[in-house]
1. What residue, of Phe565, Phe546, Phe517, is open to solvent by less than 40 Å² (accessible area, probe 1.4 Å) and over 51 Å from the mean Cα position of the chain (by Cα)?
2. Residues of the stretch 621-640 being polar (S, T, N, Q) and crowded, with 16+ Cβ neighbours inside 10 Å, which ones?
3. Applying the selection to the stretch 123-156, what residues are touching a Ser or Thr at 6+ places or on another chain (Cβ under 8 Å), under 30 Å from Val61 (Cβ atoms), of a type in the set (A, V, I, L, M) and not in a strand (DSSP E or B)?
4. Looking for whichever is closer than 18 Å to Lys219 by Cβ and in contact with a helix residue (DSSP H, G or I) (Cβ under 6 Å, 6 or more places away or on another chain) here; the options are Cys117, Cys183, Cys89. Which one fits?
5. Would you check if Ser625 is of a type in the set (S, T, N, Q) and in contact with a Ser or Thr (Cβ under 6 Å, 6 or more places away or on another chain)?
6. Residue by residue through the stretch 163-186, note down the ones that are closer than 25 Å to Arg148 by Cβ, assigned to a loop (DSSP other than H, G, I, E, B) and touching a residue at least 12 places away in the same chain (Cβ under 8 Å).
7. Just give me the residues in the stretch 342-386 being among the charged types (D, E, K, R), in a loop (DSSP other than H, G, I, E, B) and open to solvent by 50 Å² or more (accessible area, probe 1.4 Å), in sequence order.
8. Scan the stretch 551-603 residue by residue and report those that are within 19 Å of Phe517 (Cβ to Cβ) and of a type in the set (Lys, Arg).
Amino acid sequence: MHVMRKPMSWGAGLAVALAAAALSGAPGRAAAEQFKQKQCLDCHTKVADRYAKYKYAHAAVKEKKCEECHLRHGLVPKLLLKESGNDFCYRCHKRDAIGMDRPNVHPVLKNGSCLSCHDAHGSDSPHMLKAAGSAACFGCHDKKPFQRKVVHAVVAREGCGACHLSHASAQRRLLKAEEGALCAGCHKPDAAPFKKAHGGYPARACSRCHDPHSAEDRKLLKASVHSVVASGSCASCHLAPTTPKPFLVQGELSKLCARCHEPAKLDKGGPVQHAPVKRGECLSCHDPHASENPRLVSAAGNQVCLNCHPQQGQRFAVAHKVVQDGRGCLNCHAPHASKEKKLLTAAPAAQCASCHSKFEKRMRGLKVVHAALDRGDCTRCHDPHGSSVTGMMNARQDKVCLGCHADLEQKFARTFTHRPVAEGKCSACHDGHASDNRKLLKEEGARLCLQCHAALMKDVGANNHKPYIEGRCLDCHEAHASSHRGLLKQDQKALCFRCHARQAREDKESKTVHAAFGKGDCTKCHNPHKAGLKKLLLAQTPDLCFGCHKDMAAGLKEKTKHAPFYGCGNCHQPHAAGQPKLLNQPVHQLCDGCHDTKDDHFRSAHLSIEPARMACTSCHTAHASKDTKMFKSNVHPPFAARQCDGCHVTEKRK
C-alpha cells in the first residue's frame with residue numbers, strides 16, 4: 001500500500017533545521033531542563049519526623065512508599081486514599097489470616113473500622129495499636145467492671161489479651177479457647193482445693209458464678225450469689241456429683257425452687273400472676289447460680305423485662321422518667337403477682353397519684369373534671385411507658401380525644417377547619433384534665449380566642465361590631481370547623497340577617513339589589529369586627545365603590561365631574577332600592593333635588609319640556625364627562641348644535 005506524503009513547506013523545514021542545530025549545539029541544556037519528581041516526605045517534613053520516632057511503623061511508611069495507600073493530590077489538602085474502609089487493609093492483610101471466616105468476629109472489625117484500634121502509619125505499641133495493652137480496649141469498653149476491689153490476677157498481669165483474641169475466634173466473647181479449658185490453664189480442676197470449693201462437681205462453666213475480670217469478693221464471685229452456691233451445697237438442687245449426669249436437677253424446676261421460696265410469700269396473695277411465675281419458669285428472670293444484679297436477676301435493670309416485652313424498650317421522644325430511673329419497671333409493677341391488672345403495685349389512679357399527687361389534688365379542686373381523670377383512667381389518654389407525642393399521649397391528641405368523642409369526627413370533616421383542630425391540638429383550647437370553665441375550656445369567651453388572635457383583638461376600633469366588642473365570638477363563628485369561609489356558622493347573608501332584619505326585608509322586597517349584597521358578600525364593604533369608619537365601612541366613598549366599579553374610577557380623569565360624584569350615597573342606596581340602579585328616587589325627582597327645574601335658564605335649555613316627562617340620563621352622564629354640560633360622548637349632530645327643534649315639535653305648556 002502506498003501512502004502519499006504531503007511535501008514539507010519551506011518555513012516548516014527551516015524551523016526543524018534551526019531546532020536541530022540548537023539542540024546539537026547545547027547537549028547539556030536539554031537534560032538540565034527536565035523536571036525532577038519530589039517525594040511526599042520532601043514537603044511533609046513534620047509528618048516524616050513524627051513517623052521516624054515510631055517504634056513500630058507500617059512497612060510502606062518505613063520504605064517511604066506513601067503511594068502504596070494514597071493518591072497524589074497536588075495542592076488539595078486531603079487524605080486521598082486509593083480505597084476506603086477495611087477492604088483497603090485486606091489488600092495486604094488477608095481476611096482468612098485475621099479470622100474473618102470465624103463465627104465470632106470483633107464488632108469493630110466486622111463494621112469496617114480497623115483504624116478504631118490501629119494507627120495506619122505507626123505507633124509505639126505492638127501491632128501499631130493506638131494505645132498499649134488493655135488501654136486499647138478501654139476506648140470502647142467501660143473500665144469499671146475491670147477495676148473492682150479484687151482483679152483477676154491474669155487480667156492484672158497480662159491484660160485482655162490473656163484470654164481474648166483481638167480479631168476473631170471460634171468461641172463466644174472472642175475467647176482463645178472453650179471457657180472451661182481456658183480457665184483450666186491456670187486453675188487445676190483435679191486439685192483438691194478446686195474439688196472442695198466446687199463440692200466435687202466437674203465445674204466447667206466458670207463465668208456462671210465468677211466474674212472473669214474483677215469483683216468485690218476475693219473469690220471473684222458475682223455480686224449476687226444463690227445461698228446454696230455460696231455454701232457449696234450444689235447437691236441441694238443437682239444430682240450427686242458422682243452420677244453420670246451430675247448437673248441435672250433433682251426434679252421439676254418450679255417445685256425445686258418452691259422448697260425454699262414459698263409461692264404464697266412471693267405472690268403476697270395477689271390473684272394476678274406474672275406469666276413465667278404461673279408457668280413455673282423461674283429461670284426466665286433469675287439466674288440459679290449467681291448474677292451481677294440484685295436478687296439473682298439475669299439481666300440488668302429493665303432488660304430482664306424487655307427480653308419478653310421488647311415493645312416497651314423502644315426509644316421514646318417523651319420518656320416516662322420513672323421507667324428510666326431507679327428500679328425501672330418495678331416502680332409500678334410487681335415482679336411475681338399483684339391484686340391489680342398488669343401486675344400494678346396499686347390501683348391505676350393511686351399508682352399515678354403516688355408521684356403526681358399535687359397535680360391530681362389541684363385538678364380535682366377545679367369545677368369541671370375530665371371524666372377519664374375522675375374515674376382514675378389515666379391510661380385512657382397516656383402511655384405509661386413513654387410516647388413519641390407530647391404529654392406521653394397514646395397517639396396524636398385528636399386521635400385520643402376522638403376515641404371517646406367519636407360523634408365529633410364527622411362534624412370536624414368540613415371545608416374549613418380551625419387550625420388547632422386541623423393540627424390535632426385539642427389542648428390549644430381545652431385542658432385535658434380539669435378546668436373552672438365549661439367543656440374544659442382554658443378560658444371563657446374572647447379571652448380564649450385572644451391566645452392566638454391577639455393581633456386582631458389588641459385594639460378596639462372607633463366603631464365596633466357589637467358581638468366583637470362584647471367578646472361573643474361564637475355568635476358568628478364555629479369553634480372547630482365549618483362549611484363556610486372564616487369558620488362562619490352560616491353563609492354571610494343568612495348570618496348577618498339574623499340580627500339585621502331591616503336589610504333582610506330590603507333583600508326580599510326591593511326592586512333592585514346591590515350585587516354584593518345579593519350574594520351575601522357583606523365583607524366586601526364592611527369589616528365584621530371593627531373599623532375607623534361608621535357602619536364598619538372598609539373605606540370612604542367613592543374609594544369603597546371603586547373597588548368593584550372600575551369604570552366609575554376612570555371618571556376621575558374626565559374634565560367635568562358631577563358634583564355628587566364623590567358621595568355615592570347622595571344618589572344611590574347601598575343595599576337595595578325600589579328604583580333602577582339603586583337610586584334613592586326616580587331620576588327626575590333625584591335631579592330636581594339639586595337642579596331648579598323652574599328656573600328660566602333651565603326651562604329655555606330644555607325647551608320648556610315638563611321635567612316629569614324628561615329622562616335626564618338620555619342626554620347626560622350621571623358621573624363624569626368631557627363636556628361641561630355632562631353630555632354623553634356620542635351625540636346627534638343637531639343635538640350638539642342645540643337645535644332640538646329641528647327634529648322635535650314642542651309646545652309651551654301653561
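The values are calculated or read from the model by the stated rules, or taken from the named source; none is laboratory data. Computed from a predicted model, the values in this text were never measured in an experiment. Positions of Cβ are backbone-derived with ideal geometry, glycine not excepted, and every protein chain shown enters the neighbour counts. Heads up: the accessible areas ignore ligands, DNA and RNA and are worked out on the full protein's heavy atoms, side chains in. Shrake-Rupley method; radii C 1.70, N 1.55, O 1.52, S 1.80 Å.
1. Within the list Phe565, Phe546, Phe517, the selection yields Phe565.
2. Thr621, Ser625 - these are the residues of the stretch 621-640 that are polar (S, T, N, Q) and crowded, with 16+ Cβ neighbours inside 10 Å.
3. Passing the criteria: Ala131, Ala132, Ala136.
4. Sole residue among the options that is closer than 18 Å to Lys219 by Cβ and in contact with a helix residue (DSSP H, G or I) (Cβ under 6 Å, 6 or more places away or on another chain): Cys183.
5. Yes.
6. Cys163, Leu165, Ser166, Gln171, Lys176, Cys186
7. Lys367, Arg375
8. Lys581
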